[in-house]
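Participant: Dumping the structure here so I can ask a few things about it.
The values are calculated or read from the model by the stated rules, or taken from the named source; none is laboratory data. Owing to the predicted nature of the structure, the values given are computational and were not obtained by experimental measurement. Backbone-built Cβ (ideal geometry, glycine too); neighbour counts: all protein chains shown. What goes into the accessible areas is simple: the full protein's heavy atoms, side chains included, and nothing from ligands, DNA or RNA. Shrake-Rupley method; radii C 1.70, N 1.55, O 1.52, S 1.80 Å.
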Amino acid sequence: SHRPRLTAMRPGRGSTAFLHDLPGVFMQIQFFDANSAPALRLCARVLNEGVVPADLEPQLAEAARMARFSGKAGQLFEGFAERGGQLVRVALAGLGKPDAPDRAAAIEKAGAGLVAKYLTSGEEAMLVDLTGAGLSANEAADLLLGARLRGWRHDVYRTKLPDDRKPTLKRIAVLGAPEGTRDAWAAQEAVAAGTEFTRELVTEPANAIYPESFVERCRARMGGTGLSLRVLDREEMAALGMGALLGVAQGSAREPRMLVMEWNGGTAGDAPLALVGKGVTFDTGGISIKPAAGMEDMKWDMGGAGAVAGAMLALALRGAKANVVGVCGLVENMPDGTAQRPGDVVTSMSGQTIEVINTDAEGRLVLCDALTWVQREYAPRAIVDLATLTGAIIVSLGHEYAGMFASDDDLANRLDAAGKASGDRLWRFPLGPAYDKLLESAIADMKNVGPRFGGSITAAQFLQRYVDKGTPWAHLDIAGTVWADKPGATWDKGATGFGVRLLDRLVRDNY
């Protein structure tokens with residue numbers, strides 16, 4: 001299940017192209033002109049609504065009409081034709097109306113739909129003919145991004161997968177791409193690689209990904225990209241006074257780590273954008289233990305850290321002209337005899353004390369020390385943290401949006417725009433002094449939880465206490481979006497890779 005993949009990605013500054021040995025199946029994207037296009041058994045056309053290519057075989061065009069295929073967004077039609085003496089499968093995918101407000105999503109969905117249909121079809125390659133589709137270079141790259149992301153699978157542990165469920169489609173040959181598509185795809189391929197890396201980290205079980213192995217997986221993947229990695233161990237964090245983060249880790253046999261990834265692609269000396277991720281590689285809840293049903297899902301409680309790692313990889317691979325630092329607080333929350341107890345008081349790196357009412361509200365204890373550290377070390381121009389922080393956000397938003405909390409309207413607006421452009425959608429929630437009062441403790445500076453209602457807001461309000469005045473900050477609660485119980489437009493059931501495209505778009509458009 002480990003398939004070596006030689007990538008033609010444009011490397012970041014100071015890096016070289018290298019061989020990625022990635023788990024799962026990844027789609028090769030290759031470009032051809034009319035004179036060199038391969039003759040394949042599977043061919044696809046993407047069509048705007050109401051358009052039937054004049055060069056399409058009459059019987060195919062008639063069959064499509066009989067099947068009521070009109071090119072609407074998400075529509076897919078399959079027929080057969082004889083070409084060059086061999087029977088060819090021909091697929092038509094609808095792009096919808098060119099002026100539709102959700103045009104980008106429809107284009108991605110068309111590419112993803114083709115791959116979803118033929119991923120396990122027995123075909124190894126598909127020719128995608130963009131001739132006459134009317135796409136721009138960026139839109140063509142979006143189509144290929146949808147195809148690439150939908151083809152990601154994690155079959156590392158499947159030893160008895162039936163043949164008809166094994167992925168076979170490995171290559172997409174692109175014909176008729178508009179001028180500039182290759183350059184547009186080079187950037188999108190980097191984003192795809194970052195998203196796939198995040199999915200890999202989130203999908204792996206907790207006996208494979210824990211703080212130390214998370215770091216090593218990043219070292220292996222990021223070597224040669226130009227990213228600088230730094231790691232803080234337990235002793236270093238203790239010396240810095242990170243009592244909140246270490247309190248979460250003290251019940252586990254797994255050693256905690258703080259991973260720091262630097263990308264200096266902008267002007268030397270300029271303050272970086274800081275991305276901070278919650279990395280609880282498994283969350284039992286600690287002494288406030290979770291119910292057994294569904295606890296296996298808590299392997300993805302490091303989804304925020306996974307998103308930060310994937311975003312940093314994407315930025316480096318595409319050579320982003322920005323200074324960005326990614327920080328991941330990595331711990332495992334376990335309930336052994338040394339675990340912290342409800343009622344314990346810990347001292348954070350900032351000096352503020354916290355009464356731990358519930359050991360299952362551990363993510364904010366990890367993040368608060370990471371936030372303090374990155375501000376003291378880098379004085380960032382802005383901070384965005386990502387965390388699978390509360391179940392309450394899923395009650396509020398379901399699995400369609402992540403919750404956004406921000407101290408700065410400009411940063412919030414930039415994130416909202418990036419979410420709409422990337423498809424990683426956000427919905428802003430309030431912050432305010434009234435919620436702050438809900439965290440008052442009788443014996444410490446604050447409690448780590450408030451009352452039952454408004455749980456996502458009080459969690460964000462807790463984190464805001466660790467952000468320096470004047471520093472733009474946003475907190476993204478992504479608990480409902482990192483994992484899907486059913487396939488989506490560009491992902492199969494499981495890890496979605498949420499956050500990578502959002503952060504890349506934020507950097508691309510603003511920094």
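Participant: Given labels modelled 7 Å from the Cα in the Cβ direction, how far is it in nm from D33 to E400?
Facilitator: Here the answer is 4.7 nm between the modelled labels.
Participant: Could you rank the peptides 317-329, 74-86, 40-52, 339-351 by their average count of other C-beta atoms within 10 Å per residue, with the highest value first?
Facilitator: Output ranking for 317-329, 74-86, 40-52, 339-351: 317-329, 40-52, 339-351, 74-86.
Participant: Toward the positive end of the charge dipole of segment 351-501, about the Cα centre and with charges on Cβ (Lys, Arg +1; Asp, Glu -1), which of G423, T372, S441 goes farthest?
Facilitator: The listed residue farthest towards the positive side: G423.
Participant: Give me the net charge for the shell around A34: Cβ to Cβ below 15 angstrom, other residues only, Lys and Arg +1, Asp and Glu -1.
Facilitator: Net charge around A34: -2.
Participant: Across segment 197-311, how large is the tail of the calculated P(r) beyond 21 Å, expressed as a percent of all Cα pairs?
Facilitator: Cα-Cα pairs of segment 197-311 separated by over 21 Å account for 42 percent.
Participant: Whenever you get a sec, line up T195, T203 from highest to lowest accessible area (probe 1.4 Å, protein heavy atoms).
Facilitator: In descending accessible area the options line up as T203, T195.
Participant: Just to confirm, what accessible area per residue do you get for segment 206-355 at 1.4 Å probe, in whole Å²?
Facilitator: 33
Participant: Peptides 65-73, 471-479, 305-313, 249-257: what's the order by average Cβ count within 10 Å, highest mean first?
Facilitator: 305-313, 471-479, 249-257, 65-73
Participant: Order the peptides 183-191, 454-462 from the highest to the lowest mean number of other Cβ atoms within 10 Å of their residues.
Facilitator: Those peptides, ordered most packed to least, come out 454-462, 183-191.
Participant: Just name one of M312, Y401, Q340: the one whose Cα is farthest towards the positive end of the charge dipole of segment 250-402 (beta-carbon charges, Lys/Arg +1, Asp/Glu -1).
Facilitator: Sorting the options by dipole projection puts first M312.
Participant: Return the long-range amide H neighbours of T496 (sequence gap of 5 or more, or a different chain), with a cut-off of under 5 Å between placed amide H atoms.
Facilitator: W483, A484
Participant: On to the next question. With the radius of gyration and the Kirkwood radius both derived from the Cα set of the chain, what is their ratio Rg to Rh?
Facilitator: My calculation puts Rg/Rh at 1.01.
Participant: Another question about this same structure. Rolling a 1.4 angstrom probe over the protein heavy atoms, how many square angstrom per residue are accessible across segment 416-511?
Facilitator: It amounts to 45 Å² per residue over segment 416-511.
Participant: Where the Cα atoms of segment 153-213 are projected onto their three principal axes, how long is each span, largest first, in whole Å?
Facilitator: 47, 34, 10
Participant: Calculate one ³J(HN,Hα) per residue across segment 232-246 by plugging θ = phi - 60° into the Karplus curve 6.51 cos²θ - 1.76 cosθ + 1.60, and present them in order as whole Hz with x for glycine and proline.
Facilitator: 9, 9, 4, 5, 5, 5, 5, 5, 7, x, 7, x, 6, 4, 5
Participant: By how many nm would the segment from A421 to D163 grow when fully extended, if each residue of separation counts as 0.36 nm and the alpha-carbon distance is taken off?
Facilitator: Extending this stretch completely gives an extra 89.1 nm.
Participant: Roughly how many debye, to the nearest 20, is the charge dipole of segment 134-255 about its Cα centre, given +1 on each Lys and Arg Cβ, -1 on each Asp and Glu Cβ, and no other charges?
Facilitator: Here segment 134-255 has a charge dipole of around 460 debye.
Participant: I've got another one for you. Can you tally the net charge around K97? Count Lys and Arg as +1, Asp and Glu as -1, for every other residue whose Cβ sits under 14 Å from the Cβ of K97.
Facilitator: -1
Participant: If you don't mind, another one. Write down the Kirkwood hydrodynamic radius of segment 185-242, to one decimal in angstroms, obtained as one divided by the mean of 1/r over all alpha carbon pairs.
Facilitator: Mean inverse Cα-Cα distance, inverted, gives 13.4 Å.
Participant: Long-range amide H contacts for A322: which residues qualify at under 5 Å (H placed 1.01 Å from N, peptide plane, sequence gap of 5 or more or a different chain)?
Facilitator: The list, which skips near neighbours in sequence, is G265, G266.
Participant: If you don't mind, there's one more thing I want to ask. Return the carbon/sulfur percentage of the accessible area of segment 100-174, one whole number, probe 1.4 Å, all protein chains in place.
Facilitator: 48
Participant: Going down the list K97/K486; K117/K166; K278/K299, which pairs span over 19 Å between their C-alpha atoms?
Facilitator: K97/K486, as the Cα separations exceed 19 Å there.
Participant: Apply the Karplus parameterisation 6.51 cos²θ - 1.76 cosθ + 1.60, with θ equal to phi minus 60°, to every residue of segment 199-213 and state each ³J(HN,Hα) to the nearest whole Hz, in sequence, with x for glycine and proline.
Facilitator: 4, 4, 4, 6, 6, 4, x, 6, 7, 9, 10, 9, x, 5, 6
Participant: How much of the pair distance distribution for segment 390-511 lies past 25 Å, counting alpha-carbon pairs only, in percent?
Facilitator: Result for the distance tail: 29 percent.
Participant: Now for a different question. Given R₀ = 45 Å, what would the calculated FRET efficiency be for T131 paired with A271, taking r from the Cβ atoms and rounding to 0.05?
Facilitator: 0.45
Participant: So, one more: Could you please tell me the mean projected area of the C-alpha convex hull for segment 284-431, averaged over all directions and given in square nanometres to one decimal?
Facilitator: Projected over every direction and averaged, the Cα hull of segment 284-431 covers 10.6 nm².
Participant: Fully extended, how many nm does the chain gain between Q86 and A220 (0.36 nm per residue separation, minus their Cα-Cα distance)?
Facilitator: In short, 43.8 nm is gained.
Participant: Ok, one more. Mind checking the dipole of the chain: about its Cα centre, +1 per Lys or Arg Cβ, -1 per Asp or Glu Cβ, Debye to the nearest 20?
Facilitator: Using Cβ point charges on Lys, Arg, Asp and Glu, the chain gives about 820 debye.
Participant: Something else: Give me P(r) over segment 373-424, computed from all C-alpha to C-alpha distances, binned every 5 Å, as integer percentages.
Facilitator: 4, 15, 22, 22, 21, 9, 6, 1
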